[in-house]
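Here is the structure we will look at.
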Amino acid sequence: MAASGTVRVDHAVSSGTFSLDGETHQVDNNLWVVGDDTECVVIDAPHSVSDILGLVGDRKVRAILCTHAHDDHVRVAPALREEVVAPILLHPADRPLWELTHPDRLWDVDLSDGFEITVAGTTLRALHTPGHAPGAVCFHAPDLGAVFTGDTLFQGGPGATGRSYSDEDLIKESIRAKLFALPDDTVVHTGHGDDTTIGAERAALGA
Ligand SMILES: [Zn+2]
């Protein structure tokens with residue numbers, strides 16, 4: 001394992017569009033890749049396979065982990081799967097959203113609360129956090145002191161719940177029950193925008 005280097009988080013920003021309920025918005029999505037010099041997992045597959053491969057390099061991709069199935073998070077997941085030959089993991093409650101973008105093909109492995117995947121000796125644990133989307137999940141990496149929250153928790157509060165398949169009460173309960181159970185110094189890597197911490201967001205929400 002030592003020859004593979006230490007586990008790290010690589011990040012870039014990829015630009016494109018988000019469409020739902022008949023509206024299209026220009027969006028910047030964070031790309032997150034967790035691994036060492038040999039292998040990695042990709043968290044979300046927004047707009048561009050080449051942007052993602054720029055972070056992956058020549059490493060083996062073990063899995064494509066989807067925080068939820070909005071099109072700005074899964075649009076190139078099938079194309080990336082073909083390119084790197086890795087399974088796509090998604091919570092099945094997001095099937096209606098997935099089918100809006102990919103009506104003719106499915107993901108490979110169902111995520112569930114507590115699902116664990118290990119890459120480069122580090123475990124990522126899925127936390128089912130419905131609200132922004134019914135199948136929204138966050139990925140907690142205890143060894144890294146980090147959680148990847150997709151669009152469930154941002155710097156400045158919960159993700160949007162104004163569109164179809166969203167639920168404001170549910171996202172607040174998910175954040176309270178699952179994310180605020182994590183240590184305050186846990187770094188929050190979000191789907192859009194800057195990092196934050198669990199402690200900062202807990203304080204901001206008065207929770
Ligand atoms: Zn979203």
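Things to note:
- Proxy reagent accessibility, fewest Cβ within 10 Å first, across T17, T101: T17, T101
- Label-to-label distance, E116 versus R202, with points set 7 angstrom from Cα along the beta-carbon direction: 2.3 nm.
- Amide H contacts under 5 Å for F154, placed H, 5+ residues apart: G159
- Modelled FRET efficiency - R0 30 Å, E168 with D10, Cβ distances, 0.05 increments: 0.35
- Burial order of peptide ranges 81-92, 103-114 (average beta-carbon count within 10 Å, highest first): 81-92, 103-114
- Highest-fluctuation residue, A181, A12, A136 considered, GNM on the chain with Cα pairs under 10 Å: A181
- Neighbour-count order for F139, F18, fewest beta carbons within 10 angstrom listed first: F18, F139
- Restricting the calculation to alpha carbons of the chain gives Rg and Dmax of 15.7, 50 angstrom.
- Computed [θ] at 222 nm, helices only, for the chain once each DSSP H run of length n ≥ 4 contributes -39500 (n - 2.57): -5000 deg cm²/dmol
Quick note: the coordinates plus some simple rules give every number you see, no bench work behind them. A quick note: this is a predicted structure, and the numbers were derived from the prediction, not measured. Ideal geometry is used to build each Cβ from the backbone, glycine not excepted, and the neighbour counts take in all protein chains shown.
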